[in-house]
1. Using only protein heavy atoms and a 1.4 Å probe, report how much of Ile178 is accessible, in Å² to the nearest 10.
2. Rounded, prolate or oblate for the stretch 184-235? Axes are the square roots of the Cα gyration tensor eigenvalues, ordered a ≥ b ≥ c, and the cut-off for rounded is a/c under 1.5.
3. Give the calculated FRET efficiency between Tyr248 and His109 to the nearest 0.05, with a Förster radius of 41 Å applied to their Cβ-Cβ distance.
4. At Tyr98 and Leu119, where each label point lies 7 Å from the Cα along Cα→Cβ, what is the point-to-point distance in nanometres?
5. How would you order 155-162, 82-89 from highest to lowest mean count of nearby Cβ atoms within 10 Å?
6. Tell me whether the stretch 151-207 comes out rounded, prolate or oblate; compute the Cα gyration tensor, take square roots of the eigenvalues as a ≥ b ≥ c, and use a/c under 1.5 as the rounded threshold.
7. Can you tell me how much longer the chain between Ser176 and Thr206 gets when fully stretched, taken as 0.36 nm per residue apart minus their C-alpha distance, in nm with one decimal?
8. Residues with beta-carbon under 15 Å from that of Gly112, excluding Gly112: net charge, scoring Lys, Arg +1 and Asp, Glu -1?
Amino acid sequence: MAIVWSGFSTLAELFQWRRYIKLLLAVPVLVVLAVGSYKMGLQKGSMTENAFHSSESRVRRDVIQTPNSSSQIIIKTGGATYTRWGRTECPSGSDAVYSGIAGGSWYDHTGGGSNHLCLPTDPLWGRYNETNEKGSKLYGAEYQTPSGIDLKHFGGRSAHDHNMPCVVCRSQTKTSVIMIPARNICYDDWTLEYAGYLMAEASSHTGRTEFVCVDGSPEADPAGFRDENGALFYNVEGVCGSLPCPPYVPRREITCAVCTK
């Protein structure tokens, strides 16, 4: 039997070309398989996407549709927290986390904490040693000759030396909270939680504390008023100079507002 080389100089060269031909013949098959796999992927992706949108729509319908078409569903997405100084209840639209009593460092101490605290009335204890006196002390708080406030919760009596209550609140729908000094109305697009007067420790005392917004219609702690001092809350006034006057006016009580958004 005669072997026709048809232009190939060696047998090895012939086998090499045969391998090339097989590869060329296999390319269309690979292309077809790749295209088929791609189409199946698109179909699966489309099915997954459709299932997602269907599920999303179903959830949306579950949220919006109710047996009674006139009923409404309110989704609570709040989280903003703030302390309402001088009151025992939160404003409408906020939930009370806990209520308690205002506290802080002794008004004339040079050390200790500088911030005021809203202390719960149900403290829990860890490990303790009552035989050792602690280096830092915590006291209750009193109003000191407050002016400008509404005294309806005091029966018209002075709020001086009354112990101060407080309540920590969480907004049901708002996520941001700020205290604005020198205003009793919030800026546009913000919601007023409460307004009142800026208070802090007296400038003449050794101790130094933060400024807080005390409710303009405060309450007194049921413990009464015994002039026991502790952390003291005084009205704040502006001093002209580096503080521009106007718009600030000396001797006027600085207002404040707690606002959420």
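1. Ile178 has an accessible surface of roughly 70 Å² with all protein chains in place.
2. Oblate.
3. My answer for the efficiency is 0.85.
4. Computed distance between label sites Tyr98 and Leu119 equals 1.3 nm.
5. Final packing ranking: 82-89, 155-162.
6. prolate
7. Computed gain between Ser176 and Thr206 is 7.4 nm.
8. Combined, the nearby Lys, Arg, Asp and Glu give -1.
The values are calculated or read from the model by the stated rules, or taken from the named source; none is laboratory data. Predicted model only: the values in this text are computed from it and were never measured. Cβ sites come from the backbone with ideal geometry, for glycine too, and all protein chains shown count toward neighbours. Surface areas here come from the heavy atoms of the whole protein model, side chains and all, with no ligands, DNA or RNA. Shrake-Rupley method; radii C 1.70, N 1.55, O 1.52, S 1.80 Å.
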